[in-house]
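Here, each number is a calculation from the coordinates, and none is a lab measurement. Predicted model only: the values in this text are computed from it and were never measured. Every residue, glycine among them, receives a Cβ derived from its backbone with ideal geometry; neighbour counts consider all protein chains shown.
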Amino acid sequence: MPQLTILIALYPGVTHLDFTGPHQVLVRTPDARVVTASLGGCDIEAEGLVFAGLADLATVAACDVLLVPGGLGCADAMLDEAFMAQIRRLGSSARYVTSVCTGSLILGAAGFLTGRRAACHWAWRDLLEPFGAIVSDARVERDGNIFTGGGVTAGIDFGFALLAELAGEDHARAVQLGLEYEPDPPFRSGRPEIASAQTVEAVRRRMDPIVVARLAAAEQAARRLREQTTIG
């Protein structure tokens with residue numbers, strides 16, 4: 001059986017749990033290899049952790065699964081033509097095109113989400129609209145060959161949903177047991193619908209400094225996408 005290639009594309013400013021969560025699950029996919037790559041194979045710093053020994057995105061010929069995580073750097077990534085060219089190239093031939101958190105904004109900027117349902121971190125999901133996506137508030141959303149996870153920790157749930165698709169539900173259930181994944185958070189505040197108004201407001205205040213810049217980046221990336229589509 002040919003080996004399945006799962007490619008995780010990293011960029012500066014990525015959130016590490018966005019990809020280390022699903023990575024922990026997906027490395028248990030039978031007959032598969034998980035490749036973590038960046039432009040030029042450069043080391044990637046993510047909130048104090050440095051990920052080294054990465055493959056060069058440009059030298060990865062193809063992949064069966066493309067996974068794009070989110071992070072504070074997603075706005076810059078959307079506008080990085082060299083990075084986006086590799087995302088478009090690899091995603092165009094992948095069996096599954098996937099993301100976690102604001103990684104879906106990058107998929108949108110690459111043109112993969114037009115007319116597709118897609119999830120994102122709750123605070124940023126409206127930014128999917130300029131890319132023609134149908135916004136979903138699901139923790140894990142699937143539309144055809146597109147799998148998208150919500151914010152950060154949703155990447156683990158996403159990983160199991162994708163693992164079930166790749167290797168069957170029985171295998172995914174066994175991996176879930178092996179990893180003892182049975183979340184029981186100490187607080188019921190992980191979604192804006194269930195968190196207190198005070199908690200939601202505190203989180204929004206922390207995000208305020210990047211709202212304008214991220215919206216501008218999404219609009220600029222959406223304009224580029226429209227121009228490329230018109231030229232194409």
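Observations
- A Cβ distance below 6 Å, combined with a sequence gap of six or more or placement on separate chains, defines the contacts here; from region 202-214, residues that are touching a residue at least 60 places away in the same chain (Cβ under 8 Å) reach residues that are surrounded by 10 or more Cβ atoms within 10 Å (Cβ to Cβ) in the pairs Met207/Ala123; Arg214/Ala75.
- Residue in region 68-89 that is assigned to a loop (DSSP other than H, G, I, E, B), more than 11 Å from the chain's Cα centre (by Cα), of a type in the set (A, V, I, L, M, F, W, C) and surrounded by 22 or more Cβ atoms within 10 Å (Cβ to Cβ) present: no
- Residue count for region 1-49 satisfying the condition of being part of a loop (DSSP other than H, G, I, E, B), hydrophobic (A, V, I, L, M, F, W, C) and over 14 Å from the mean Cα position of the chain (by Cα): 3.
- Within region 120-138, none of the residues are among the hydroxyl-bearing types (Ser, Thr, Tyr) and either surrounded by fewer than 17 Cβ atoms within 10 Å (Cβ to Cβ) or within 24 Å of Leu57 (Cβ to Cβ) (or both).
- Selection within region 13-61: residues that are of a type in the set (S, T, N, Q) and without any contact (Cβ under 8 Å) to a residue 24 or more places away in the chain. The member of this set that is surrounded by the fewest Cβ atoms within 10 Å (Cβ to Cβ) is Thr59.
- Filter result (closer than 29 Å to Asp126 by Cβ and under 20 Å from the mean Cα position of the chain (by Cα)) within region 165-187: Glu165
Residue by residue, here is whether (1) among the β-branched types (Val, Ile, Thr); (2) surrounded by 15 or more Cβ atoms within 10 Å (Cβ to Cβ); (3) over 30 Å from Ala109 (Cα atoms) holds:
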residue: Gly168; (1), (2), (3): no, no, yes
residue: Ala172; (1), (2), (3): no, yes, yes
residue: Asp208; (1), (2), (3): no, no, no
residue: Arg226; (1), (2), (3): no, no, no
residue: Thr229; (1), (2), (3): yes, no, no
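- Subset of region 211-224 [in contact with a helix residue (DSSP H, G or I) (Cβ under 8 Å, 6 or more places away or on another chain) and surrounded by 13 or more Cβ atoms within 10 Å (Cβ to Cβ)]: Arg214, Leu215, Ala217, Ala218, Gln220, Ala221, Ala222, Arg224
Table: residues versus (1) hydrophobic (A, V, I, L, M, F, W, C); (2) more than 14 Å from Phe158 (Cβ to Cβ).
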{"residue": "Phe19", "(1), (2)": "yes, no"}
{"residue": "Leu26", "(1), (2)": "yes, no"}
{"residue": "Cys42", "(1), (2)": "yes, yes"}
{"residue": "Leu49", "(1), (2)": "yes, yes"}
{"residue": "Gly73", "(1), (2)": "no, yes"}
{"residue": "Asp76", "(1), (2)": "no, yes"}
{"residue": "Leu113", "(1), (2)": "yes, yes"}
{"residue": "Ala118", "(1), (2)": "yes, no"}
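Residues checked against (1) out of contact with any Phe, Trp or Tyr (no Cβ under 7 Å at 6 or more places or on another chain); (2) closer than 12 Å to Ala9 by Cβ:
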site	(1), (2)
Ile44	no, yes
Leu49	yes, no
Ala61	yes, no
Gly70	yes, yes
Ser92	yes, no
Ala109	no, no
Asp126	yes, no
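- Among the residues of region 174-206, the ones that are of a type in the set (Gly, Ala, Ser), surrounded by 11 or more Cβ atoms within 10 Å (Cβ to Cβ) and closer than 27 Å to Leu163 by Cβ come to 2 in all.
- Residues that are in contact (Cβ under 8 Å) with a residue 12 or more places away in the chain, outside any loop (DSSP other than H, G, I, E, B) and over 25 Å from Leu4 (Cβ atoms), drawn from region 91-138: Leu105, Gly108, Ala109, Arg125, Leu127, Leu128, Pro130, Phe131, Ile134, Val135
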